[in-house]
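Since every read-out is calculated from the coordinates, none of them should be taken as a lab result. Quantities reported herein were computed from a predicted structural model and do not represent experimental measurements. Counting neighbours? That spans all protein chains shown, and the Cβs are built from the backbone with ideal geometry, glycine included.
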Amino acid sequence: MSVVGRVKSSQGTDNVDLAEIFKLRFEGGGHPQAASGTVKLSGFGDAKGVMDDIVDDLIRESDFGEVRVCDFMTSPVLTISEDMVEREVAMVFKRSSVRALPVVDKEGALVGMVTYKEISAAQLRLQNKMNKHPDGEDKGTKVKAWMLERVSVVGMDDTLEEAEKILLESDIGNLPVVDGEKRRVVGMITRTDLLRQHQYYDGLHYNNKAFADKIADRKPMIELRKKLKMYDPEL
């Protein structure tokens, strides 16, 4: 079997020397970022063991560290002011095609969250009010009166596991990322972001809409995800 390897230039791969790994395992050669070699197999089943050994070598030589929220969050993130009214918020939703919007004060600190559920309910209340008073003028109600005030958050330096636990064990689909004690909004992570972290897993499945299976029950998969994530930290 011929084995060809390349190192993708990214954080954590500076210490990887493919030429040395392939020389020791296959008497192959090349240079630190690209190398090749050959190995004799008694059957196709042996290939898995060979690749596992290469992976272990790469992980030992790499320095990826633990995956943090800042490594995979969406940033910058669209926010809305606490003084906006229903019509203005609805327009932002329509133009941006997002499913949740963090609400910030004048200093950019997080004060709440609005999803489709809140804006739909607010618009319905406003419409009913206007139907009862067709001759009246109503400019709407500021978002701070009807937004979600209790919002779960994570910090930029929190681990992927910490963020995952909040998203999977709570019935929420969007988690704001804040920086510092002033809770300045710097990003957002979603269930989709978590699924991207699991893209190598054929056996990944969740049994309810909140993805709320116990984290402890998935420990083997989480540990494997950590290992596979190291192959391509830019995913």
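Which ordering of 93, 44, 22 is given by a fewest-first count of other beta-carbon atoms within 10 Å?
Details: 93 19, 44 8, 22 24.
Fewest-to-most Cβ neighbours within 10 Å comes out as 44, 93, 22.
Beyond a 28 Å Cα-Cα separation, which of these cross-linked pairs lie in this structure: 23/48; 94/139; 129/182; 106/139; 94/142; 142/182?
On the way: 23/48 19 Å; 94/139 19 Å; 129/182 37 Å; 106/139 21 Å; 94/142 18 Å; 142/182 22 Å.
Pairs exceeding 28 Å: 129/182.
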Item to check | Packing-based ranking, highest mean first, of 105-115, 46-56 given that Cβ atoms within 10 Å are counted | outcome: 105-115, 46-56
Next on the checklist: Could you check the spin-label model distance between residue 165 and residue 2? Points 7 Å from the Cα along Cα→Cβ, value in nm.
Outcome noted: 4.9 nm
